[in-house]
Amino acid sequence: MLRYLTAGESHGRALTAIVEGVPAGLELTAEYIDTQLHRRQQGYGRGARQKIEKDQVEILSGVRLGRTLGSPISLVVRNRDWENWKDAMKPQKGRAPMLTNPRPGHADLPGAMKYLTKDVRNILERSSARETAVRVAACTVARRLLEEFGIEVYSWVVDIGGVRYEPGEDLPPQRLFERAEASDTRCPDPDVTEKMKRRIDRAQRNGDSLGGIFEVVATGLPPGIGSHVHWDRKLDARLAGAVMSIQAIKGVEIGEGFGFATLPGSKAHDEIFYTTKRGYHRRTNHAGGIEGGMTNGEPLLIRAVMKPIPTLMKPLHSVDITTRKTHLAAVERSDVCALPSASVVAEAVVAMELAAAFMEKFGGDSIREIRRNLRGYLGELERF
Ligand code: EPS
């Protein structure tokens, strides 16, 4: 079973992860993972932390001579900022300063109540989206696995604070992705990118933050990944859970998503065609590549909304949890908008979920074995 765990606090020494269930023989280097870590750190609207960090992974186990061994892969991403936070995190003398004014919208207050602590820092250090640095590292192992079998995952940002990108032309995902990669907001359109940047500037001037919407697309998926037979094997449910688990994500759609509410059945479904050249295929993709909890061979389409980051430079009303008196919410260094990063994190977690389901279908202990399993199944489908 392909799975992972992460550990680490935002301003602790390091973030770590263990990835288990990776087959042997997969080419994997720290440089490959670092490319994704670098992508996660980009984007207009990020705060000063990204100028301090230059995220790089160390692979501590599970890889020898550039290939996976089949044993657990352990990863470390060190926090450069630890040096500046040592005193707050672990004072040499005296008591650590307490943070007692929870930020509305963050994990601060429910976390403090749940874990019975009056120091909100005990909660926010782990709830911080800093954790996504090592999550991307872990999930990039899965991405490497998918890539080996021709499955690619892309993303782009379509909305920041109401500045919307409406795709005018029907471009393939690779092209949209290339354009997004060249944009400061990961938006495929340069004009909309500029509008988004101005919207972010305005929010920053007002001490405010912004949310938005991104899309993730995966191509090259064979039909039959996931299953209709049980709730926790349905791929759409698993993907929605994975994307929703990213900090600040509040909604996930597959394919037409909420748009299905207004479409009649005759326009909502993707009619089935067959040609010897293309096999079974569709001319539309309202389903977003998943029917009955399984891939159907069409591209996977996911859309998700991120709420505005709850740390505000012009803080909201809150209560000091030691005095119970009115107090403005804590002001921590933060981002104005992290949509570009969130879309990169989403690519990663989608890759992990797809790779896990892919391994359930074709799984073996080595890349060679999986390749043989996949080839055998695709041969069956050719005769189907
Ligand atoms: C982040 C690092 C954090 C935040 C951000 C994400 O660093 P710091 O708290 O030291 O500024 O910039 O996290 C949040 C916005 C949040 O609300 O938790 C990162 O590396 O992505």
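The values are calculated or read from the model by the stated rules, or taken from the named source; none is laboratory data. This one's a predicted model, so the numbers in the text were calculated from it and none came from an experiment. When we count neighbours, we look across all protein chains shown, and the Cβ atoms used for this are built from the backbone with ideal geometry, even at glycine. Side chains are part of the model used for accessible areas, which takes the heavy atoms of the whole protein and leaves out ligands, DNA and RNA. Shrake-Rupley method; radii C 1.70, N 1.55, O 1.52, S 1.80 Å.
Things to note:
- Per-peptide packing, taken as the mean over residues of other Cβ atoms within 10 Å, places 134-143, 24-33, 302-311 in the sequence 134-143, 302-311, 24-33 from highest down.
- Residue ranking by accessible heavy-atom surface, 1.4 Å probe, largest first, among Lys114, Lys54 comes out as Lys114, Lys54.
- Cross-link pairs Lys54/Lys234; Lys93/Lys118; Lys195/Lys267; Lys90/Lys114 - those with Cα-Cα distance over 32 Å: Lys54/Lys234; Lys195/Lys267
- Three-way shape label, the range 92-140, alpha-carbon gyration tensor, a/c 1.5: oblate
- For the range 211-296, alpha-carbon Rg over 2.2 N^0.38 Å: 1.19
- Split the accessible area of the range 1-113 by element, probe 1.4 Å, and carbon with sulfur accounts for 55%.
- What the range 3-382 shows is 49 Å² of accessible area per residue, with the surface traced by a 1.4 Å probe over protein heavy atoms.
- Taking a ≥ b ≥ c as the square roots of the Cα gyration tensor eigenvalues, the range 136-269 comes out prolate, since a/c reaches at least 1.5 and a/b is larger than b/c.
- For the range 1-78 versus the range 313-338, the gap between their alpha-carbon centres in whole angstrom: 32 Å
- Working from Cα pairs under 8 Å separated by at least six residues, relative contact order for the chain is 23 percent.
- Judged by the mean number of other Cβ atoms found within 10 Å, the most tightly packed of the peptides 220-231, 83-94, 337-348 leads the ranking 337-348, 220-231, 83-94.
- All alpha carbon pair distances within the range 91-180 were sorted into 10 Å bins beginning at 0; the resulting P(r) in whole percents reads 13, 23, 25, 21, 15, 3, 0.
- Taking all protein chains as they are arranged and a probe of 1.4 Å, the heavy atoms of Phe177 leave approximately 40 Å² accessible to solvent.
- Solvent-accessible area, 1.4 Å probe, carbon plus sulfur percent, for the range 272-384: 54 percent
- Three-way shape label, the range 44-96, alpha-carbon gyration tensor, a/c 1.5: oblate
- Peptide packing for 56-63, 193-200 was compared via the average number of neighbouring C-beta atoms within 10 Å per residue; ordered from the highest value, the list is 193-200, 56-63.
- Helix-only CD estimate at 222 nm, as mean residue ellipticity for the chain, using -39500 (n - 2.57) per DSSP H run (n ≥ 4): -10500 deg cm²/dmol
- Fully extending the segment from Arg198 to Arg371 would add 57.5 nm, taking 0.36 nm per residue of separation and subtracting the current Cα-Cα distance.
- Projecting the alpha carbon convex hull of the chain along each direction and taking the average yields 21.4 nm².
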